[in-house]
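The values are calculated or read from the model by the stated rules, or taken from the named source; none is laboratory data. Keep in mind that this is a model prediction, so the values were computed, not measured. Cβ placement follows ideal geometry from the backbone for every residue including glycine, while neighbour counts extend to all protein chains displayed.
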Amino acid sequence: MFCSKKFFVLLAVAIASAVSADTACAARKKSADAPLYKDASAPVEARVEDLLSRMTLEEKVMQTSLDVLGRNANENNLGEVTERLPAEIGTLIFCEWNPALRDAMMHRAMEESRLGIPVLCGFDVIHGFRTIYPISIAQACSWNTPLVREATAMAAREARSAGVDWTFSPMIDVCRDPRWGRVAEGYGEDPYVNSEFCRASVKGYQGDSLAPGSVAACLKHYVGYGASVGGRDYVTSDVSDQTLWDTYLPPYKAGIDAGAATVMSSFNDINGVPGTANRRTLTDILKERWQFPGFVVADWDAVGQLVTQGFAEDLPDAAAKAINAGLDVDMSSHAFDRNLAELVKNGTVPLSRLDDAVRRILRVKFKLGLFDSPYTSDPSPKFLAEESLDIARRLAVESMVLLKNDTVGTAPLLPLNPKVIRKIAVIGPVADRGDVLLGWWHAHGIASEVTTLLQGIRGEFPDAQVEFVEGGKTDGTDRTGFDAAVNTAKQADVAIVCLGEEENWSGENHSRATISLPAIQEQLASAVKEAGKPVILVITAGRPLDMSRLAPTADAIIYAWQPGVRGGEALASLLSGRENPSGRLAITFPRCAAQIPIHYAERPKSRTTMGQYQDIPEAPLYPFGYGLSYTTFAYGEPTASATEFSRNQDITITIPVTNTGKNDGAETVFWYVNDPVSSITRPHKELRHFEKREIKAGATETFTFTINPLRDLASVDSNGDPLLEPGAFSILVGGKKIDLRLLP
Ligand code: GLC
């Protein structure tokens, strides 16, 4: 039979369409068979509800439980090692950086559990994963939120490549007490500063929408942990409603608004009700008033600790009180996985509350893409990329603070001129150590990968003769190294004395009654000063230290904090002037521990010239915002687009700032609000805007603050409602003041 070409074409089309119909039909049948929650194209909420509807009570309970995979290096949290984790476990602390280990656990979750729900792997990526950046309090002193966003994005990339999908960061506990070891982990004393760095960190970790390569952020420790009584850890935070709303809650609201996926509740009790089971903070404020869609995880074993805190009879009672208050995930105490099923069955815990917790957990997992691509894409994660190391160096440079720079001879001692300085004595117990530059929460950072201060100095001054003498240890009474230190200083053109804290003198469970360095270090500094040569003091620490006895021993002081993996290079580049110091303090330095609490935003006294301690000056040793530069800046007069305005009217204030020195430099312009009369008294000044910018020598830049009255001038009352009353306001900037009037 003759068949035309056309026939064959028609036949082919017929076959193709039949096949594709079959395929489509098969696909439809498959998709019709496949549950909706496995359909990546379906809306997240629909997938959540579909999956929830399929889960048993026991499966739901397991989603609310967190255990540990790998070796937990946090000596405060060494719990029982679970030999074989259940495939249905909801979340983990993943303590290794081996994606194969994490994927093996993920395969168990996806293939051994009945519904194939991925496990969420978290870790404390506080200031870096393997590339370690400066500690958070130091980052705040950089005033460079865009750079912090870059650093957290790089940390997220390293963490995700190693199998971590969730970080227990940023820590945004406002802290005004350097005795508290955890002051190292937050962004200092100011609510607005913590809010701005929280926003930057959340966006860095999560991107704009938990995009691939990002990690879920976790705002902690909710709330008021930084107000721990006496700066001690795990104790009461006695906080008035007014202070809760105007000081400790704002950074969390900023983080929620930035889209933070999770929150961690705090160990402390808030006026007697533990953060772990505080219905008012967890449900009334966070979930109902702020409509937070994510989940709240307890801190380590904190549900179990409700018994110790005298809030619960036993573990079942603790589990019930915590979840009924609004907690969603129990970290490591096993209160939930061992008791919730029974508590739901006997009606102590409503099933609706359990469902709400599981819904929140599943929502984060879907948004992270874990159902659709549960395994790490990179079997051999790459760390310490040049890009991340450069960000670490830049952030370290910008976070170090020049506290003193006296004239020696005819010029300020710093920067040192590599062409003139021939012999440098580097002295001190932290000069040639990497561990002390990492800080306590250093994740998978490795001390041997750190550029030490000595290595940085040797690299920056290659033509100088650099002699290193340890001189003594960080603690103890051994002075036998002092003579060598003094003699080396005598033979040098300049002595660089490097003193500081051990990495475990700050951080969790590391509160200190005295905030000065051990006497042996102060004695070493005094001995070297007697050598009669110019002295530069470099401090590495996780907290503001009492510098009152150390400051007089040096002509120049650089506070390096714990600057991370490229701290040595960063410091040396400041010493040589290749970089110009731009760090400014994000926390007040008291003269002594007895002056605590002290911070810039104190309310007016009823007698301005009275009431202070009689035996020390009223002012702190170094105030909030303080820091020197190798250049000078002059502020012109501020001008306002209007000085009288209504509450719905934005106004703009500008101010010219000139670099009047010989060196290019970065200046941070701080904009404060003063409301001299208010039905709830307000601090002398409150920071409401800051901007950092590089200004060339001799150049002038115009800085602008666009004021939205409700956002920038308002305070808050003890119910958390905005308080904006007509009347006089002032804007304080660069030592200048511009008076405004808010019309009724
Ligand atoms: C710790 C800390 C918390 C950390 C958690 C997991 O006890 O309080 O900040 O994220 O346990 O390591």
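So that you can scan it fast, the table gives a plain yes or no per residue for (1) outside any strand (DSSP E or B); (2) surrounded by 21 or more Cβ atoms within 10 Å (Cβ to Cβ); (3) within 16 Å of the ligand (Cβ to nearest atom); (4) touching a residue at least 24 places away in the same chain (Cβ under 8 Å):
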residue: R199; (1), (2), (3), (4): yes, yes, no, yes
residue: G213; (1), (2), (3), (4): yes, no, no, yes
residue: K220; (1), (2), (3), (4): no, yes, yes, yes
residue: T243; (1), (2), (3), (4): yes, no, no, no
residue: A254; (1), (2), (3), (4): yes, yes, no, yes
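Any idea which of (1) farther than 29 Å from Y622 by Cβ; (2) modelled with pLDDT under 95; (3) in contact with a His (Cβ under 9 Å, 6 or more places away or on another chain) is the one F383 doesn't satisfy?
The number of the failed condition is (2).
Does any residue in segment 173-188 that is closer than 15 Å to A541 by Cα come within less than 9 Å, Cβ to Cβ, of a residue that is of a type in the set (G, A, S) and within 11 Å of the ligand (Cβ to nearest atom) six or more places away or on a different chain, and which pairs are these?
Here the result reads G181/G507; R182/G507; A184/G507; E185/S169; E185/G507, each pair linking segment 173-188 to a residue that is of a type in the set (G, A, S) and within 11 Å of the ligand (Cβ to nearest atom).
If only one of P293, P274 is touching a helix residue (DSSP H, G or I) at 6+ places or on another chain (Cβ under 8 Å) and more than 15 Å from the ligand (Cβ to nearest atom), which one is it?
The match here is P293.
Pull up segment 615-645, narrow it to residues that are outside any strand (DSSP E or B) and over 30 Å from K605 (Cα atoms), then point me to the one that is nearest to the chain's Cα centre (by Cα).
S629
Among (1) more than 16 Å from the ligand (Cβ to nearest atom); (2) modelled with pLDDT of 90 or more; (3) polar (S, T, N, Q), where does N98 come up short?
Of (1) more than 16 Å from the ligand (Cβ to nearest atom); (2) modelled with pLDDT of 90 or more; (3) polar (S, T, N, Q), only one is false for N98: (2).
Only residues that are of a type in the set (F, W, Y) and under 26 Å from the mean Cα position of the chain (by Cα): list them for segment 293-328, please.
Within segment 293-328, F295, W300 qualify.
Which of the residues belonging to segment 271-286 are more than 12 Å from F311 (Cα to Cα) and surrounded by 21 or more Cβ atoms within 10 Å (Cβ to Cβ)?
Answer for segment 271-286, where residues must be more than 12 Å from F311 (Cα to Cα) and surrounded by 21 or more Cβ atoms within 10 Å (Cβ to Cβ): T281, L282, I285, L286.
Okay, residues lined up against (1) in contact with a Leu (Cβ under 8 Å, 6 or more places away or on another chain); (2) of a type in the set (S, T, Y); (3) away from the ligand (no atom under 15 Å from the Cβ):
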residue	(1), (2), (3)
P134	yes, no, yes
Q139	yes, no, yes
S142	yes, yes, yes
M171	no, no, no
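Please enumerate the residues belonging to segment 420-453 that are farther than 18 Å from C498 by Cβ, within 21 Å of the chain's Cα centre (by Cα) and aliphatic (A, V, I, L, M).
Hits for segment 420-453 are A443, I446.
Looking at segment 56-65, is at least one residue more than 23 Å from S332 (Cα to Cα), modelled with pLDDT of 70 or more and assigned to a loop (DSSP other than H, G, I, E, B)?
No: zero hits.
Go through (1) within 11 Å of the chain's Cα centre (by Cα); (2) of a type outside the set (D, E); (3) closer than 20 Å to T281 by Cβ; (4) in a helix (DSSP H, G or I) for G186 and report which single condition fails.
(4)
Under 7 Å between Cβ atoms, which residue pairs at least 6 apart in sequence (or on different chains) link something in segment 48-61 that is closer than 12 Å to K38 by Cα with a partner that is part of a helix (DSSP H, G or I) and of a type in the set (S, T, Y)?
Correct list of pairs: D50/Y37; L51/Y37.
Taking S516, is it within 16 Å of the ligand (Cβ to nearest atom) and either closer than 30 Å to S266 by Cα or among the β-branched types (V, I, T) (or both)?
no
Is it the case that segment 486-501 has a residue that's surrounded by fewer than 16 Cβ atoms within 10 Å (Cβ to Cβ), out of contact with any Lys or Arg (no Cβ under 9 Å at 6 or more places or on another chain), farther than 21 Å from I557 by Cα and among the polar types (S, T, N, Q)?
Yes.
Let me confirm something: among G79, G90, G122, which residue is over 30 Å from L36 (Cβ atoms), within 16 Å of the ligand (Cβ to nearest atom) and of a type in the set (G, A, S)?
G79
With the structure loaded, tell me whether D208 is more than 16 Å from the ligand (Cβ to nearest atom), of a type in the set (D, E, K, R) and either in a helix (DSSP H, G or I) or surrounded by 24 or more Cβ atoms within 10 Å (Cβ to Cβ) (or both) or whether it fails that test.
no
Answer yes or no: is there a residue in segment 656-663 that is assigned to a strand (DSSP E or B) and of a type in the set (K, R).
no
Could you please find all residues in segment 256-271 being away from the ligand (no atom under 16 Å from the Cβ) and either more than 18 Å from S195 (Cβ to Cβ) or at pLDDT below 95 (or both)?
N271
Scan segment 229-240 and tell me whether some residue there is within 16 Å of the ligand (Cβ to nearest atom), small (G, A, S) and touching a helix residue (DSSP H, G or I) at 6+ places or on another chain (Cβ under 7 Å).
Among the residues of segment 229-240, at least one is within 16 Å of the ligand (Cβ to nearest atom), small (G, A, S) and touching a helix residue (DSSP H, G or I) at 6+ places or on another chain (Cβ under 7 Å), which makes the answer yes.
Quick check: is even one residue across segment 228-236 without any contact (Cβ under 8 Å) to a residue 24 or more places away in the chain, aliphatic (A, V, I, L, M) and not in a loop (DSSP other than H, G, I, E, B)?
yes
Report every pair of residues separated by at least 6 positions or lying on different chains whose Cβ atoms are under 8 Å apart, first residue within segment 611-629 and loosely packed, with under 11 Cβ neighbours inside 10 Å, second part of a loop (DSSP other than H, G, I, E, B).
That search, which allows pairs on different chains as well, returns G611/K605; P617/R591.
Exactly one condition in (1) under 30 Å from A666 (Cβ atoms); (2) touching an Asp or Glu at 6+ places or on another chain (Cβ under 6 Å) is false for L85; which is it?
In the conditions (1) under 30 Å from A666 (Cβ atoms); (2) touching an Asp or Glu at 6+ places or on another chain (Cβ under 6 Å), L85 misses (1) alone.
How many residues, within segment 130-182, are assigned to a helix (DSSP H, G or I) and either buried (at least 24 other Cβ atoms within 10 Å of the Cβ) or of a type outside the set (S, T, Y) (or both)?
Result for segment 130-182: 24.
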